[in-house]
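Q: Let me give you the structure first, and then I'll get to my questions.
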Amino acid sequence: MSSKYTKLTEYLASLDTKRWTATFEQIERVLRFPLPQSAREHQAWWSNQMRSQSLGWQLAGWKTADLDLRNERVTFVYVAGDAPQPEIPQVEPLTIQEAKEGLATRFGVDPSQIEITIRA
């Protein structure tokens, strides 16, 4: 997994407990960057719905259980033994041209208008 939330995955995987209540500040220290404003304003940001941020805890076998937006605290609960692990779908590799065509179709533009930048 390569995600900006990988450090959270690694941190949670290293914990020797089944429950971790953390302040948003503690999570930001683990991540080494600030949480987005939506994490401070919207409960949905913390839902266990296989989004990039929630994969940060779900791939380590955790889920969010309690959220206190006012006091900027969230509780993570280890559930790997209790629930099926999220499956990462296997995707066939695309050529650059196939990716451009797919994006062009998705956004209703000509493939010549799509530029793809690869950073290594």
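Q: Within the range 5-39, take every residue that is surrounded by 13 or more Cβ atoms within 10 Å (Cβ to Cβ) and among the hydroxyl-bearing types (Ser, Thr, Tyr) and give me the one that is nearest to residue 65 (Cα to Cα).
A: 21
Q: Related question: Please work out which residue is surrounded by the fewest Cβ atoms within 10 Å (Cβ to Cβ), limiting yourself to the range 76-95 and to residues that are within 19 Å of residue 7 (Cβ to Cβ) and at pLDDT 90 or above.
A: Result: 78.
Q: Let me ask something additional. Considering only residues of the range 39-68 that are in contact (Cβ under 8 Å) with a residue 40 or more places away in the chain and assigned to a helix (DSSP H, G or I), which is farthest from the chain's Cα centre (by Cα)?
A: Of everything passing the filter in the range 39-68, 57 is farthest from the chain's Cα centre (by Cα).
Q: Does the range 16-36 contain any residue that is in contact with a Leu (Cβ under 9 Å, 6 or more places away or on another chain) and part of a loop (DSSP other than H, G, I, E, B)?
A: No, the range 16-36 contains no residue that is in contact with a Leu (Cβ under 9 Å, 6 or more places away or on another chain) and part of a loop (DSSP other than H, G, I, E, B).
The values are calculated or read from the model by the stated rules, or taken from the named source; none is laboratory data. Remember, predicted model here, so these are calculated numbers, not experimental data. Using ideal geometry, Cβ is built from the backbone for each residue, glycine included, and neighbour counts are taken over all protein chains shown.
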